[in-house]
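The values are calculated or read from the model by the stated rules, or taken from the named source; none is laboratory data. Just so it is clear, the model here is predicted, and its values are computed rather than measured. Counting neighbours? That spans all protein chains shown, and the Cβs are built from the backbone with ideal geometry, glycine included. Remember, those area values only see protein heavy atoms, side chains included, never the ligands or the DNA or RNA. Shrake-Rupley method; radii C 1.70, N 1.55, O 1.52, S 1.80 Å.
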Amino acid sequence: MKALVYGLARSGRSAAERLDDPVLVDRSLGNEDDLSLLDGVDVVVKSPGVPGEAPLVAAAQERGIPVWSEVELGYRLLPDARFVGVTGTNGKTTTAELLGAIFRAAGRDVAVAGNVGTPLTSVRTAHWVVCELSSFQLEDVHELACDVAVLLNLEPDHLDRHGSFEAYRDAKLRIFERSRAQVVPRGSGLPGIEFSADDELPAEPRLRGAHNRENAAAATAAARAAGIEDEHIADGLSTFAGVPHRLELVGERRGVRYVNDSKATNVAAALRALAAYANEPVHLILGGSPKNEDFAPLAAALGPNVRSVHLIGAEAERIAQSIDGHRDGTLDVALVHAASLAEPGDVVLLSPACASYDQFDDFEQRGDAFRAGVVELPS
């Protein structure tokens with residue numbers, strides 16, 4: 001099989017390593033528009049960052065050449081593994097990693113892979129795979145079949161890429177194609193095993209916030225569907241400490257706590273962060289690159305506990321149309337400004353409600369910059 005690998009970021013490089021003499025296509029190579037590269041190609045393996053309307057992808061589809069996501073290739077390379085797939089607008093990584101902790105507590109041979117972190121094609125062997133699946137990855141699956149498929153939530157996101165909420169939703173729901181058990185939010189109207197934040201759990205999770213209790217309820221339902229007993233679920237829930245860049249306490253200076261929630265790349269995620277700190281004085285850092293979101297719900301959610309708002313990045317001016325805040329421009333300026341206004345007992349919260357690509361490579365680099373900035377503040 002001759003494969004063309006389109007996109008050489010983390011997952012694309014991993015896919016290329018698993019294929020014999022692949023054709024490599026990437027912006028850095030300057031060959032994205034060379035349609036002759038498709039000659040003799042049997043399949044295109046597309047990185048999630050490559051849109052479906054890219055000329056090379058469109059040409060492949062016109063020629064009848066299958067287009068796979070990297071997770072489709074990874075799935076086919078693990079024919080003996082059992083899969084738990086996790087998707088949703090928010091909470092995917094936390095829930096997937098929590099499931100990994102639960103499976104390990106039960107003594108299961110498990111790999112956690114997918115959208116954030118380890119590419120699925122880099123997993124060589126595992127009895128169980130917990131795979132985080134984004135809408136971009138699910139667009140191009142064909143045989144991927146989850147033993148347990150989890151949908152955490154569905155709220156508007158990535159509309160700049162999908163064009164409409166309906167198209168985004170349809171991509172997410174592809175996780176249920178060929179699945180054997182479905183885990184869905186209570187009240188979603190979808191068939192399957194329902195969960196909610198109010199569920200009785202085998203143990204209380206260590207993670208803060210109602211949204212993380214909901215993630216824990218989803219993980220509990222999925223683990224039970226996979227045959228794991230409650231004593232092991234309890235072990236995982238009570239020991240799992242969370243994932244970086246998601247309500248991560250990165251430091252305390254002069255009685256002020258600094259929380260890195262850089263993964264809050266949409267309004268819904270920022271609303272969850274605000275709810276987690278609703279009873280504490282908060283200085284909020286918002287802004288970044290656009291995703292065509294409406295900031296009015298965020299404006300409506302800002303209670304009297306939000307003592308100051310600091311706007312950064314390309315979306316600062318548009319956010320300012322709904323939210324009165326300091327136009328600090330960059331993260332480093334906003335952090336220092338927020339720190340100067342904060343008093344002991346306050347929380348400086350980076351929960352941007354935006355993507356990061358205007359000033360950073362990704363949300364991880366943004367969160368790392370916030371963490372580094374906190375270290376440099378006077379202690």
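Data overview
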read-out	value
Candidates PHE240, PHE195, PHE176 - the one that is of a type in the set (Phe, Trp, Tyr), in contact (Cβ under 8 Å) with a residue 40 or more places away in the chain and either surrounded by 14 or more Cβ atoms within 10 Å (Cβ to Cβ) or touching a His at 6+ places or on another chain (Cβ under 9 Å) (or both)	PHE240
Scope segment 35-60; condition free of Cβ contacts under 8 Å to residues at least 12 places away in the same chain, loosely packed, with under 13 Cβ neighbours inside 10 Å and more than 25 Å from the chain's Cα centre (by Cα); matching residues	SER36, ASP39
Among residues of segment 248-257, those that are under 23 Å from the mean Cα position of the chain (by Cα) and in contact (Cβ under 8 Å) with a residue 60 or more places away in the chain, counted	2
Residues located in segment 243-260, provided they are farther than 8 Å from GLY367 by Cβ, of a type outside the set (Lys, Arg) and not in a strand (DSSP E or B)	VAL243, LEU247, GLY255
Scope segment 16-31; condition surrounded by 17 or more Cβ atoms within 10 Å (Cβ to Cβ) and in a loop (DSSP other than H, G, I, E, B); matching residues	ARG18, LEU19, PRO22, ASP26
Members of segment 340-357 that are buried (at least 16 other Cβ atoms within 10 Å of the Cβ) and either of a type in the set (S, T, N, Q) or over 19 Å from ALA278 (Cα atoms) (or both)	SER351, CYS354, ALA355, SER356, TYR357
Residues being among the hydroxyl-bearing types (Ser, Thr, Tyr), assigned to a helix (DSSP H, G or I) and either open to solvent by 20 Å² or more (accessible area, probe 1.4 Å) or more than 14 Å from THR220 (Cα to Cα) (or both) - total across segment 80-101	1
Selected residue (only one of ALA126, ALA113, ALA181, ALA105 is within 22 Å of ALA223 (Cβ to Cβ), out of contact with any helix residue (DSSP H, G or I) (no Cβ under 8 Å at 6 or more places or on another chain), open to solvent by less than 60 Å² (accessible area, probe 1.4 Å) and not charged (D, E, K, R))	ALA126
Segment 343-368 residues that are touching a residue at least 40 places away in the same chain (Cβ under 8 Å), paired with ones that are hydroxyl-bearing (Ser, Thr, Tyr) and open to solvent by 40 Å² or more (accessible area, probe 1.4 Å) (beta carbon under 7 Å, 6 or more apart)	GLN359/THR330
Residue identified as closer than 23 Å to LEU152 by Cβ, modelled with pLDDT of 95 or more and not β-branched (Val, Ile, Thr) among ALA59, ALA81, ALA3, ALA15	ALA81
All positions within segment 138-195 that are modelled with pLDDT of 95 or more, part of a loop (DSSP other than H, G, I, E, B) and among the small types (Gly, Ala, Ser)	ALA145, SER179, GLY187, SER188, GLY189, GLY192
Count of segment 2-15 residues which are closer than 23 Å to ASP160 by Cβ and not in a helix (DSSP H, G or I)	4
Of all residues making up segment 198-237, the number that are open to solvent by less than 30 Å² (accessible area, probe 1.4 Å), of a type outside the set (Ser, Thr, Tyr) and in a helix (DSSP H, G or I)	13
